[in-house]
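FYI, it's all coordinate maths here, none of it is from the lab. Keep in mind the model is a prediction, meaning the values are calculated, not measured. Cβ: placed from backbone, ideal geometry, glycine included. Neighbour counts: every protein chain shown.
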Amino acid sequence: MGVDDLFPLLTYCIIKCKPPSIFTDCNFMELYIGNKRDRMEGSQLTQLIGCCNFIKNVKYDLLYNVSEEEYNEKKKIYLEESNEYIIKYNLNYNTPL
């Protein structure tokens, strides 16, 4: 499976699974891996961060068959659930991806 196949599948899985601390987890892994991005773990992390950034920054007009209202409602719910987890477990969410 190539990168072009993996990216949409991984993005779909992240959206469907709604991992509550995915952005914080990516930040932690990025700090842990550091300069070792040329290894397999680094390329996988780069894919994961790319998917997370896509989810955070995608606009409704790039999505197929999704209205602006539906997009805004679902994104708001997703971000609220993520923020509740961050507050509940007192995680640092200030480090950008």
query = Hey, what do the phi angles of region 45-57 turn into as Karplus ³J(HN,Hα) couplings, whole Hz, using 6.51/-1.76/1.60 and θ = phi - 60°, x for Gly and Pro?
reply = 5, 4, 4, 4, 5, x, 5, 4, 5, 4, 4, 5, 10
query = By count of other Cβ within 10 Å, fewest leading, how are PHE28, PHE23 ordered?
reply = PHE28, PHE23
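Give me the number: length gained by fully extending TYR32 to LYS16, i.e. 0.36 nm times residue separation minus the C-alpha to C-alpha distance, one decimal in nm.
Values: separation 16, 0.36 × 16 = 5.76 nm, distance 2.64 nm.
The span from TYR32 to LYS16 would gain 3.1 nm if fully extended.
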